[in-house]
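The values are calculated or read from the model by the stated rules, or taken from the named source; none is laboratory data. Since we're looking at a predicted model, the values are computed, not measured. In this analysis, Cβ positions are derived from the backbone assuming ideal geometry, glycine residues included, and neighbour counts consider all displayed protein chains. The protein model used for the area step is the full one, side chains on, heavy atoms only, and it has no ligands, DNA or RNA in it. Shrake-Rupley method; radii C 1.70, N 1.55, O 1.52, S 1.80 Å.
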Amino acid sequence: MAIYHLRATMISRSQGRSATAASAYRVAERIEDRRTGLTFDYAARGGVDYTEILAPDHAPDWVRDRSELWNRVEEAETRKNSQVAREVRVALPDELTHAQRVALVRDYAQTQFVDRGMVADIALHAPGREGDERNHHAHILLTTREVDTEGFTTKNRDWNKVEVLEGWREAWARDSNAALERAGIEDRVDHRTLVAQRDEALELASAARERGDEGAELHETVRAMSLDRPPLPQLSLGAWQLKERGVEVAAVRVWHEVKDRAAEVRQVVQELTGQVRNWLDRAAERV
């Protein structure tokens, strides 16, 4: 069953992080940071299915050189607490093929980020060997400054607005659902909270009951039941990396417990959905 997950975070020097290290880890490459003299070598790391740099057409050629790109990002920042990059992490539908997942991420990154003027460094990761085998996901590392034909210019503060983030969240749900539909898959994802989705289902069930549509009422009631569960807790970067490697710390254990509970709810809902369909079929035969 496809799940929705999108989390946007900043890569900041105040947290002891750098854009060069973040990129090297996510794409499993070796990058030397010219500013600090440190070398980040993750070339031996596995699990990276696909990488690519997407940039505006007017950007200079060097932005497609990963080491040069993120070194210039670091060199453009002078403050010790600078926010050097933004990361958007998304869950990818396991139901899609590798090629379909790549196309989904590329199209989303192009429309939501690159067309706005950012450079996007994308990396698709396979599920960890010790974790959930359906845990396909992608990391999209983004520049925070606008780029012209010469290089980076000013920071675009509009990209930090809450409504922009909400637009990204909604767009990911829309694009994911379009990809699932093209692939002939019935599952859909929703960027809204579980509470909002459940309230909508209950309202639709009530409306169906008032107009005497028993089939729609049953369908929406079952959907509301499937949404009556706690959301997956947010994991810190460190906890997420441990989860990918199959390391079970407390936060990861809670995450797995909530996910297992959601799986149990889905199983019950699938059984109820089958019963609802059988009931509707029998009702139709009686009519």
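Which of (1) open to solvent by less than 60 Å² (accessible area, probe 1.4 Å); (2) at pLDDT below 95; (3) among the aliphatic types (A, V, I, L, M); (4) closer than 23 Å to V162 by Cα is the odd one out, the single condition I3 does not satisfy?
Only one criterion in (1) open to solvent by less than 60 Å² (accessible area, probe 1.4 Å); (2) at pLDDT below 95; (3) among the aliphatic types (A, V, I, L, M); (4) closer than 23 Å to V162 by Cα is unmet by I3, namely (1).
Looking only at the stretch 1-30, how many residues end up being under 18 Å from E87 (Cα atoms), in contact with a strand residue (DSSP E or B) (Cβ under 6 Å, 6 or more places away or on another chain) and not basic (K, R)?
Going through the stretch 1-30 one residue at a time, the tally reaches 15.
So E68 fits all but one of (1) touching a residue at least 24 places away in the same chain (Cβ under 8 Å); (2) in a helix (DSSP H, G or I); what number is the exception?
(1)
Among residues belonging to the stretch 73-111 that are part of a loop (DSSP other than H, G, I, E, B) and open to solvent by 20 Å² or more (accessible area, probe 1.4 Å), point out the one that is modelled with the highest pLDDT.
Filtering first and then ranking leaves T97.
Restricting to the stretch 168-189, and then to whatever is more than 27 Å from D158 (Cα to Cα) and of a type in the set (K, R), can you tell me which residue is least open to solvent (accessible area, probe 1.4 Å)?
So, considering only residues that are more than 27 Å from D158 (Cα to Cα) and of a type in the set (K, R), the one least open to solvent (accessible area, probe 1.4 Å) is R188.
V189: β-branched (V, I, T), modelled with pLDDT under 95 and in a loop (DSSP other than H, G, I, E, B), yes or no?
The answer is yes for V189.
Can you find even one residue in the stretch 147-170 that is part of a strand (DSSP E or B), at pLDDT 70 or above and in contact with a Ser or Thr (Cβ under 6 Å, 6 or more places away or on another chain)?
Within the stretch 147-170, the subset part of a strand (DSSP E or B) is 147, 152-155.
Adding the requirement that they be at pLDDT 70 or above leaves 147, 152-155.
Then keep just the ones that are in contact with a Ser or Thr (Cβ under 6 Å, 6 or more places away or on another chain); that gives 155.
Within the stretch 147-170, one or more residues are part of a strand (DSSP E or B), at pLDDT 70 or above and in contact with a Ser or Thr (Cβ under 6 Å, 6 or more places away or on another chain).
Quick grid of which residues meet (1) hydroxyl-bearing (S, T, Y); (2) in contact with a helix residue (DSSP H, G or I) (Cβ under 7 Å, 6 or more places away or on another chain); (3) part of a loop (DSSP other than H, G, I, E, B):
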site	(1), (2), (3)
R26	no, no, no
I31	no, yes, no
F40	no, yes, no
A44	no, no, yes
D49	no, yes, no
P56	no, yes, yes
W62	no, yes, no
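So, of the residues in the stretch 8-23 that are part of a loop (DSSP other than H, G, I, E, B) and open to solvent by 40 Å² or more (accessible area, probe 1.4 Å), which turns out to be modelled with the highest pLDDT?
R17
Could you list, in sequence order, all residues of the stretch 112-146 that are of a type in the set (A, V, I, L, M), outside any strand (DSSP E or B) and at pLDDT 95 or above?
Result: V114, M118, V119.
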